[in-house]
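J.: After the structure tokens below, expect a handful of questions from me.
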């Protein structure tokens, strides 16, 4: 993970969930209940194997906050372990996430948040800083090689949109 997540104040929570949407909601609920500061990171991680599921990680800025989070989460019945489950977390909570609404330029998105870069599907080069990006109020970058990267795709009129859609259609919804 990025430098923000390689700290002694990281933890993993296994809420026994199978869906990203439910994990996002729980992560936001837990963050509000813990009154996490703006510089905290909260990610989802897909766990494969015998029991596929989505786990949550939190990277907290201080030992007292970490200790409080462990106590409260354990008190709520969530299994908590130290560290992060992998280096590929999908960020839901990160500095500046709340400011990424509406349509922004790529430069504004990078300036307002902890996102390090934008990658566009099918192109080797980054987008121009002035390229508009319609956030759809759902921006989920992922940690890649220590950087927080938002994957985007081209949309109408030269605009970009985040690759991950806010309300995906469940598989086989039309059957």
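Throughout, read-outs are computed from the coordinates displayed, never taken from laboratory work. Note that the coordinates shown come from a computational prediction; the quantities given were computed from them, not determined experimentally. Counting neighbours? That spans all protein chains shown, and the Cβs are built from the backbone with ideal geometry, glycine included.
J.: Take the alpha-carbon positions of the stretch 3-93, form their convex hull, and give its projected area averaged over all directions (one quarter of the hull surface) in nm². Could the numbers behind the result be given before it?
T.: Details: hull surface 21.1 nm².
Taking the Cα atoms of the stretch 3-93, their convex hull projects to 5.3 nm² on average.
J.: Remind me, relative contact order of the stretch 3-93 in percent, using alpha carbon pairs under 8 angstrom and six or more residues apart? Walk me through the numbers before you get to the answer.
T.: Values: 149 pairs, mean separation 39.9, N = 91.
In percent, rounded to a whole number, it is 44.
J.: On C-alpha positions alone, give me the angle between the axis of helix 63-75 and the longest principal axis of the chain, in degrees, nearest 10.
T.: The angle comes out at about 70 degrees.
J.: Output needed for the chain: three equivalent-ellipsoid semi-axes, defined as square roots of 5 times the C-alpha gyration tensor eigenvalues, in descending order, whole Å.
T.: Working: eigenvalues 160, 75, 40 Å².
Output for the chain: semi-axes of 28, 19, 14 Å.
J.: Moving on to the next point. When the chain is treated as a GNM, springs tying every alpha-carbon pair under 10 Å, which of 124, 64, 15 comes out with the largest mean-square fluctuation?
T.: Looking only at 124, 64, 15, the largest GNM fluctuation is found for 124.
J.: Under 1.5 on a/c is rounded, so check that first for the stretch 95-160, then, if it is not, pick prolate when a/b is larger than b/c and oblate when it is not; a ≥ b ≥ c are the square roots of the alpha carbon gyration tensor eigenvalues.
T.: Values: a/c = 1.62, a/b = 1.08, b/c = 1.50.
Oblate is the answer for the stretch 95-160, as a/c is 1.5 or above yet b/c matches or exceeds a/b.
J.: Relative contact order for the chain: what percent, with Cα pairs under 8 Å and sequence separation of 6 or more?
T.: Over the chain, the number comes to 22 percent.
J.: Under the 0.36 nm per residue contour assumption, what length would be gained going from the current alpha-carbon distance of residue 117 and residue 87 to full extension? Walk me through the intermediate numbers first.
T.: Values: separation 30, 0.36 × 30 = 10.80 nm, distance 1.70 nm.
Gain on extension, residue 117 to residue 87, equals 9.1 nm.
J.: Springs between alpha-carbon atoms under 10 Å, Gaussian network over the chain: tell me which of 44, 29, 103 tops the mean-square fluctuations.
T.: Looking only at 44, 29, 103, the biggest GNM fluctuation is shown by 29.
J.: Just to confirm the number: angle between the C-alpha axis of helix 20-34 and the first principal axis of the chain, 0 to 90 degrees, nearest 10?
T.: Here the helix axis deviates by roughly 60 degrees.
J.: So if we plug the beta-carbon distance of residue 134 and residue 21 into 1/(1 + (r/R0)^6) with R0 = 22 Å, what FRET efficiency do we get, rounded to 0.05?
T.: Values: r = 20 Å, r/R0 = 0.92.
Approximately 0.60, to the nearest 0.05.
J.: Next up: Taking the number of other C-beta atoms within 10 Å as the exposure measure, put 39, 145 in order starting with the fewest. Don't jump to the answer; show the numbers that get you there.
T.: Working: 39 14, 145 10.
In increasing order of surrounding Cβ atoms, one gets 145, 39.
J.: Which ordering of 71, 164 is given by a fewest-first count of other beta-carbon atoms within 10 Å? Numbers along the way, then the final one.
T.: Numbers: 71 11, 164 18.
Going from sparsest to densest Cβ surroundings: 71, 164.
J.: Rank these for me by crowding, 25, 78, going from fewest to most other beta carbons within 10 Å.
T.: Values: 25 13, 78 17.
With the fewest neighbours first, 25, 78 line up as 25, 78.
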